[in-house]
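Some notes on the structure that comes next.
The values are calculated or read from the model by the stated rules, or taken from the named source; none is laboratory data. From a predicted model like this one, the values you see are computed outputs, not experimental measurements. Backbone-built Cβ (ideal geometry, glycine too); neighbour counts: all protein chains shown. We work out accessible area using only protein heavy atoms, side chains counted, and drop any ligands, DNA or RNA first. Shrake-Rupley method; radii C 1.70, N 1.55, O 1.52, S 1.80 Å.
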Amino acid sequence: MRIGIPRALLYYHYFPLWQSFWQHLGLKVVESPPTDKRILDLGVDVAVPETCLPVKIYYGHVLALASAVDFLFVPRIVSAEKGTYICPKLMGLPDMIKQSGCSLPRLISPVLNARQRRTSWRRSHIKAALELGYANADAKSAWRHASNVLDSYWEKLRNMRTPLDILSQRLSGFPPPCGTVLLLLGHPYNIFDEFVSMDLIKQLYRRGYRVLTAEMLARETIEREARQLPKDLFWSLGRSLLGTALHCLKHRSVGGIIHVVSFGCGPGSLVGELLERRVQESDHTPFLLLTLDEHTGEGGVITRLEAFLDMIEWRNIS
């Protein structure tokens with residue numbers, strides 16, 4: 001039996017967990033191919049126009065897998081950490097996919113909500129396995145194994161490696177051994193999907209810059225800085241991005257900040273506004289906001305990026 005996992009949205013954070021869990025139970029895990037124009041077009045044709053680019057791309061990945069698997073793993077992610085929430089669109093994703101009108105295999109959609117014990121990630125994964133006929137002991141064993149794999153994955157990320165280095169088993173370019181460090185902020189599906197980001201990380205490497213992302217900092221460091229906000233930010237991804245930025249601004253450890261957001265993303269807009277204010281209140285670290293949607297052209301992004309990097313280099317010379 002084959003279970004498909006779309007290479008989109010929180011794939012870049014949790015794929016090792018999901019792959020290990022289902023493989024340990026004996027299912028063959030099938031990933032959708034990397035995002036390309038065909039997958040984007042598939043998603044745009046099916047998704048409602050008001051959805052953001054990452055969700056449209058998720059639709060495309062689902063359709064790319066539909067005819068090749070027996071099940072599709074489309075979890076209903078409510079919360080990944082206690083006291084926080086994920087984007088509302090991720091909460092409703094299984095319903096949106098079911099109502100797409102497309103011919104799809106059975107969806108496996110456990111409710112993943114770290115805010116409630118009965119829908120904790122552990123319990124929900126085990127319950128999903130039980131509903132497919134697996135024994136309770138086997139499901140618990142699969143969860144323990146998958147949890148250890150995920151912990152190992154995050155340890156590798158904190159050693160200055162990107163998800164692309166690990167998940168694709170290849171380097172996402174060739175990071176220079178030294179050079180100015182730039183903080184690249186954005187939801188993982190915006191900065192690590194090479195089609196969406198237009199190979200942003202590789203472009204920075206080619207210009208001689210090193211890249212720091214929120215995934216590379218210890219969780220304790222991020223939380224310590226995020227607690228300095230006057231009010232708790234309950235979006236977990238936004239909280240992580242702001243905590244990372246505050247740490248870097250406090251220690252003046254980066255030469256510039258690039259923030260990548262999707263057009264129409266409400267949480268992203270709020271986090272971006274808070275981030276810009278903090279940058280202005282600090283030592284005016286160079287800041288670039290890149291807003292992407294399905295109409296964004298590579299030429300415009302490259303032009304803005306090169307102008308931003310030229311500015312950083314001019315400041316360093318002067």
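The rows are residues; the columns are (1) among the hydroxyl-bearing types (Ser, Thr, Tyr); (2) within 19 Å of residue 244 (Cα to Cα); (3) in contact (Cβ under 8 Å) with a residue 40 or more places away in the chain.
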{"position": "179", "(1), (2), (3)": "no, no, no"}
{"position": "185", "(1), (2), (3)": "no, yes, yes"}
{"position": "198", "(1), (2), (3)": "no, no, yes"}
{"position": "203", "(1), (2), (3)": "no, no, yes"}
{"position": "211", "(1), (2), (3)": "no, yes, yes"}
{"position": "214", "(1), (2), (3)": "no, yes, no"}
{"position": "219", "(1), (2), (3)": "no, yes, no"}
{"position": "225", "(1), (2), (3)": "no, yes, no"}
(request) Give the range 265-282 a look and list any residue that's among the hydrophobic types (A, V, I, L, M, F, W, C) and either in contact with a strand residue (DSSP E or B) (Cβ under 7 Å, 6 or more places away or on another chain) or over 17 Å from residue 52 (Cβ atoms) (or both), or say none. (result) 274, 275, 279
(request) Would you check if there is a residue in the range 268-279 being open to solvent by 20 Å² or more (accessible area, probe 1.4 Å), assigned to a helix (DSSP H, G or I) and small (Gly, Ala, Ser)? (result) yes
(request) List the strands (runs of 3 or more DSSP E) that sit entirely inside the range 1-100 and contain at least 2 residues that are open to solvent by 10 Å² or more (accessible area, probe 1.4 Å) and either of a type in the set (Asp, Glu) or without any contact (Cβ under 8 Å) to a residue 60 or more places away in the chain (or both). (result) 28-31, 76-79
(request) With respect to residue 305, determine if the residue is of a type in the set (A, V, I, L, M, F, W, C), surrounded by 21 or more Cβ atoms within 10 Å (Cβ to Cβ) and part of a helix (DSSP H, G or I). (result) no
(request) Kindly indicate whether any position in the range 112-128 is over 28 Å from residue 293 (Cβ atoms), assigned to a helix (DSSP H, G or I) and of a type in the set (Gly, Ala, Ser). (result) yes
(request) State which residue is farthest from residue 59 (Cα to Cα) when the search covers only the range 14-38 and only residues that are aliphatic (A, V, I, L, M) and over 18 Å from the mean Cα position of the chain (by Cα). (result) 25
(request) Quick one: which residue in 291, 285, 244 is farther than 28 Å from residue 90 by Cα and not aromatic (Phe, Trp, Tyr)? (result) 285
(request) Scan the range 185-229 for residues that are part of a helix (DSSP H, G or I) and open to solvent by 30 Å² or more (accessible area, probe 1.4 Å) and report the count. (result) 8
(request) Inspect all residues belonging to the range 230-247 and state whether any of them is in contact with a Leu (Cβ under 8 Å, 6 or more places away or on another chain), part of a loop (DSSP other than H, G, I, E, B), exposed (fewer than 14 other Cβ atoms within 10 Å of the Cβ) and not β-branched (Val, Ile, Thr). (result) no
